[in-house]
1. For a quick check, take a GNM of the chain with Cα springs below 10 Å and name the residue from Lys88, Lys251, Lys293 with the largest mean-square fluctuation.
2. Over the chain, average the accessible area per residue using a 1.4 Å probe and give it in Å², no decimals.
3. List the lysines whose Cα sits under 29 Å from the Cα of Lys35, skipping any in the same chain fewer than 8 residues away.
4. Of the heavy-atom accessible surface of the chain (probe 1.4 angstrom), what whole percent is carbon and sulfur?
5. Count charges around His44 for me, please; just the other residues with Cβ under 14 Å from its Cβ, Lys/Arg as +1, Asp/Glu as -1.
6. For the chain, set up a GNM with springs between Cα atoms under 10 Å and report which of Thr123, Thr209, Thr56 has the largest fluctuation.
7. Let me have the relative contact order for the chain, percent, based on Cα pairs under 8 Å that are six or more residues apart.
8. Would you kindly find the accessible area of Phe42, with a 1.4 Å probe and non-protein molecules such as ligands, DNA and RNA excluded, rounding to the nearest 10 Å²?
Amino acid sequence: MTSREALLWGTSRLQSAKIKSASLDAEILLAHTLKITKETLFAHPEYNLQRSQSATYGKLIKRRAKHEPVAYITGHKEFYGLDFCVDKRVLIPRPETELMVKESLNLLATSYKLPTVIIDIGTGSGCVIIALAKLLAPSPLPLPSGERMEVRGIEFFATDASRSALTVARKNARLHGVEKNITFLYINLLEPFLRVYSLHATPYTLFITANLPYLPTSEWRQSPPDVRHYEPRLALDGGPDGLTYYRTLLKQLKEFSTRYSLHATYLIFEICPHQSDDIQTLARHYFPSCKIKIKKDLAGLNRLAIIDTKRSH
């Protein structure tokens with residue numbers, strides 16, 4: 001079987017299974033099987049697959065036909081120009097979440113003040129905090145996007161309620177050489193930080209990024225099989241209105257803010273597009289004088305809530 005024939009067969013098999021991205025998925029899985037790039041794959045359409053390669057490709061196509069996400073099959077997902085290891089222990093990084101990194105950098109560029117603490121809450125694969133740690137290192141290497149910001153005096157933390165997710169995040173931190181830059185904490189939302197960091201005497205600026213479970217339970221139940229049957233429900237189901245975890249986080253943060261001295265606190269939350277009004281109401285319940293901006297993703301949908309808890313309207 002040639003690579004062209006393999007692609008035609010794989011695409012047909014996935015189309016029969018009603019996979020919308022059948023052609024692209026067949027290409028990715030064949031390139032993964034042959035351990036080559038897609039560019040090399042297309043440059044050699046007459047390459048003859050070995051029997052073992054054909055068998056492996058068939059198994060991968062069979063898994064995808066059952067709606068298992070491609071990222072779990074290959075074990076990798078690109079995010080912000082970086083390669084991340086992913087499996088069923090963590091949510092697959094989404095392209096729209098890259099906006100969180102971009103807006104974090106924009107906010108830091110205008111609000112950076114020593115000392116600064118960045119906490120990624122519900123870190124999952126660690127994609128957000130690791131991208132920031134690489135970009136904000138004292139001597140950062142430029143990413144493929146060309147971005148970098150040389151700063152000092154930033155401390156990085158990441159929390160998650162799943163020990164297995166933190167295992168994946170630490171693995172990715174090692175992969176990208178920032179494992180010594182990030183402190184990973186296991187427990188609920190901001191709670192571990194309250195205990196571990198409570199002795200910090202100097203006022204500091206706090207940045208919190210959070211891509212918490214925000215799907216209302218009813219929406220999670222109606223999500224595609226790729227999501228509902230494979231990705232961890234703990235990372236997706238946000239309760240009846242999708243805001244259960246954000247509600248708890250804001251309550252914890254309010255308690256924290258009243259106990260410790262902060263220059264300022266900035267929150268960047270990823271949300272469902274229809275939650276923009278509700279998240280603003282919720283934020284103002286705990287921080288009545290906060291300033292809130294809603295940012296749209298590339299699809300034009302409300303995706304981020306950026307909250308400055310210290311500023312008035």
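The values are calculated or read from the model by the stated rules, or taken from the named source; none is laboratory data. As the structure is a computational prediction, the values presented were derived from the model and not from experiment. Positions of Cβ are backbone-derived with ideal geometry, glycine not excepted, and every protein chain shown enters the neighbour counts. Each accessible area value is taken on the protein alone, full model and side chains, heavy atoms only, with ligands, DNA and RNA left out. Shrake-Rupley method; radii C 1.70, N 1.55, O 1.52, S 1.80 Å.
1. With Cα springs under 10 Å in the chain, the top fluctuation among Lys88, Lys251, Lys293 is at Lys293.
2. Averaged over the residues of the chain, the accessible area is 48 Å².
3. Lys18, Lys20, Lys59, Lys62, Lys66, Lys77, Lys88, Lys134, Lys171
4. Carbon-and-sulfur percentage of accessible area, whole number: 53.
5. On the way: positive: Arg4, Lys35, Lys38; negative: Glu5, Glu27, Glu39, Glu46.
So the environment of His44 carries a net charge of -1.
6. Thr56
7. Answer for the chain is 14 percent.
8. Number for this one is 110 Å².
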